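Notes to accompany the following structure.
The values are calculated or read from the model by the stated rules, or taken from the named source; none is laboratory data. A quick note: this is a predicted structure, and the numbers were derived from the prediction, not measured. Here the Cβ positions follow ideal geometry from the backbone for every residue, glycine too, while neighbour counts run over all protein chains shown.
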Amino acid sequence: MKEDRSKMAAKDVQLDPRSAAISEPLSSSSSSPAAFNAVVSAANKSRSCESTLPVTQPPCPGHVLENVLENVLQFLTCRRDRNAVSLVCRSWYRVEAQTRFEVFIGNCYSLSPSRLTRRFKGVRSLLLKGKPRFADFNLMPPDWGAQFAPWVAATAMAYPWLEKVNLKRMFVTDDDLALLAESFPGFKELILRCCEGFGTSGIALFANKCRQLKVLDLIESEVTDDEVDWISCFPEGETHLESLSFECVESPINFKALEGLVLRSPFLKKLRTSRFVSLEELHRLMVQASQLTSLGTGSFSPNDVPQGEQEPDYASAFRASKSIVCLSGFRELTPEYLPAISPVCANLTSLNLSYANISPDILKPIIRNCHNIRVFWALDSICDEGLQAVAATCKELRELRVFPSDPLEDSESPVSALGLQAISEGCRKLESILYFCQRMTNGAVIAMSENCPQLTVFRLCIMGRYRPDHVTGKPMDDGFGAIVKNCKKLTRLAVSGLLTDEAFSIIGEHGKLIRTLSVAFAGDSDMALRYILEGCPKLQKLEIRDCPFGDVGLRSGMHRYHNMRFVWMSYCRLTRGGCRDIAHALPSVVAEVFGSDVDDDDDNADYVETLYMYRSLDGARKDAPKFVTIL
């Protein structure tokens, strides 16, 4: 399992397929009668005046309104608001396209690159997503697609002033990076999150060509080791770097080159190093870059100190780094060195220990000084006792993620309902939680719903199949039902454990703001799926695995799929015939099936292992591999 463990806060404008069509809206004009009459009245008044000055032609009222609208839209950054504006009429559609400089595309197959470049002429920032999230859990076959190549080729021709590219779960090659670097002389930001296909040679070429580069973040990506010293390829002289993250690069680096790069990067605020940077080397970097606000520590283990030499004072380096507010890394932590971070704990707003297998005894002396923490990620090795310490100290906590140290379903998790209830009682400002465990109770989940009503994200992953309330043995219906009822702002929900159709009935009735729903090993029948599809009006992303839902449940959402970003169903009870019916009835929806290797004459030949269904303005993709059937 590969879970995205780095926070991304982006304000990119979303490209909604409904507002991205090249054919303009049917409304003919956006000019208001009042504005038109005012212009005509002024023109008539000028003709009645005695003057030797030439009479000028009054401006077209449509052009006047477009100029005003253009100035107004520059201040409109909410992606959904801009989508709504573009659907008002032709004039607003045209002006919105002219003023949109940041585009967010949630599915790279929802439209073609050519459609993007035909409509928007001045894009400077592109955020593009490829594979669905279940790819992080090895549920997506390799070589499925999501190629960046057609996108970089199109943008290279259309957007010479492109400055930012943010990719997630895309297949990016070294050639793509080379074209990206060569096509945009003012390029400034590249973020590759959960991407694959490229190596250190591609990164080296990109770093060398982009002389205005401010951000290079490689996050949870698979980077091939080409045995290239990419750190040495940054241009000589002072750089513009503000953020450099390479925690996921699993190859040794040239530390001397890294040290020199940090030294000549006076604007560097975020530095996240890989496990190949030792604690001694981290100390040297911190001494030279006291301006850092976000630090990824690398391994956080010392090298062997030569006999007769004194070990550096690591705590003094942290004491001098008064600007640090975010700490992450700790990839190969030596626990006895963790207290060295104590001098910055009081200033921390974010602490990520999701790679540090530490006990509650190691955590407690650290966390008791972190009163300002708003984001905390950790492994379940901290146990319920560690979560109780967090609850006692971190009263400003907004986001909590607890990952499993052993992702196997049958492994015993050291966190339980006790830790969850402690968090709900101590951290009442909590807004987002991801919690992996094996033992949970309805009482603890109900307490969370009552104590933390501001929750917008609730993801409870009860590892193992169909696990009931750990104390009573009853289904978890009451707990998840309480979350949906009491947390009125909930937009993302993940459910698991033993759940009946009644739980989904409650979700459908009360989950009016839910946009993303993930379901695993839950439900009794197709009615559960029907409750969701008929009751959650804002649902955009639906992820389902190992549930007893079949063609009847799938057909119950016929009225919804053209407005949803995607539906993923794996290891359910779908047939090719049922999926084909949806594809034929909804031409704007693409239905892909894959994963089954059975022969056509087999009794299970009609069984669909995985269905991935999404809306698209340009129909089925042209790069589908042989194992993918597009219905």
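Quick notes on this structure:
- Within the set T239, T155, the sole residue that is more than 25 Å from R133 (Cα to Cα), of a type in the set (V, I, T) and in the same structural domain as R118 (by TED's automatic domain parsing) turns out to be T155.
- Counting only helices (runs of 4 or more DSSP H) that sit wholly inside the stretch 518-590, those with at least 1 residues that are outside the structural domain of I507 (by TED's automatic domain parsing) and either more than 23 Å from N107 (Cα to Cα) or among the hydrophobic types (A, V, I, L, M, F, W, C) (or both) are 551-555, 576-585.
- Top-ranked residue of the stretch 353-385 - restricted to ones that are among the aliphatic types (A, V, I, L, M) and closer than 19 Å to I462 by Cβ, ranked as surrounded by the fewest Cβ atoms within 10 Å (Cβ to Cβ): L379
- The combined condition, being part of a loop (DSSP other than H, G, I, E, B) and either in contact with a helix residue (DSSP H, G or I) (Cβ under 9 Å, 6 or more places away or on another chain) or under 20 Å from E247 (Cα atoms) (or both), is not fulfilled by E336.
Residue-wise test of (1) out of contact with any Pro (no Cβ under 9 Å at 6 or more places or on another chain); (2) at positive phi; (3) crowded, with 22+ Cβ neighbours inside 10 Å.
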position	(1), (2), (3)
E431	yes, no, no
V445	yes, no, yes
P453	yes, no, no
D478	yes, no, no
K488	no, no, no
R492	yes, no, no
L499	no, no, yes
K512	no, no, no
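- Positions within the stretch 213-228 being modelled with pLDDT of 95 or more, in a loop (DSSP other than H, G, I, E, B) and within 27 Å of P266 (Cβ to Cβ), in sequence order: L213, K214
- In the set (1) farther than 25 Å from L455 by Cβ; (2) crowded, with 22+ Cβ neighbours inside 10 Å; (3) in the same structural domain as S432 (by TED's automatic domain parsing), the condition left unmet by F330 is number (3).
- Subset of the stretch 574-593 [over 26 Å from R515 (Cβ atoms) and touching a strand residue (DSSP E or B) at 6+ places or on another chain (Cβ under 8 Å)]: T575, R576, R580
- Positions within the stretch 198-230 being free of Cβ contacts under 8 Å to residues at least 60 places away in the same chain, among the β-branched types (V, I, T) and more than 14 Å from P252 (Cα to Cα), in sequence order: I203, V215
- Comparison of S290, S321 shows that the only residue that is of a type outside the set (V, I, T), within 15 Å of A340 (Cβ to Cβ) and touching a Ser or Thr at 6+ places or on another chain (Cβ under 7 Å) is S321.
- Looking across the stretch 262-311 at every residue that is acidic (D, E) and in a helix (DSSP H, G or I), the one that is surrounded by the most Cβ atoms within 10 Å (Cβ to Cβ) is identified as E281.
- The residue that is surrounded by the fewest Cβ atoms within 10 Å (Cβ to Cβ), counting only those in the stretch 239-261 that are closer than 17 Å to G298 by Cβ and under 23 Å from the mean Cα position of the chain (by Cα), is E250.
- Boolean, R368 is of a type in the set (D, E, K, R), out of contact with any strand residue (DSSP E or B) (no Cβ under 9 Å at 6 or more places or on another chain) and without any contact (Cβ under 8 Å) to a residue 60 or more places away in the chain: yes
- Looking across the stretch 220-238, the residues that are closer than 19 Å to F187 by Cα and buried (at least 22 other Cβ atoms within 10 Å of the Cβ) come down to W230, I231, F234.
- Residues that are more than 24 Å from S274 (Cα to Cα), modelled with pLDDT of 95 or more, in contact with a helix residue (DSSP H, G or I) (Cβ under 7 Å, 6 or more places away or on another chain) and not in a strand (DSSP E or B) are absent from the stretch 190-198 altogether.
- Per-region count, the stretch 247-261, residues part of a loop (DSSP other than H, G, I, E, B) and among the small types (G, A, S): 1
- Top-ranked residue of the stretch 521-553 - restricted to ones that are surrounded by fewer than 23 Cβ atoms within 10 Å (Cβ to Cβ) and small (G, A, S), ranked as nearest to P475 (Cα to Cα): S525
- When T77, T117 are screened for being among the β-branched types (V, I, T), in a helix (DSSP H, G or I) and touching a residue at least 40 places away in the same chain (Cβ under 8 Å), only T117 passes.
- Within the stretch 122-172, the residues that satisfy the criterion of being in a helix (DSSP H, G or I) and under 30 Å from M569 (Cα atoms) are R133, F134, A135, D136, F137, A149, P150, W151.
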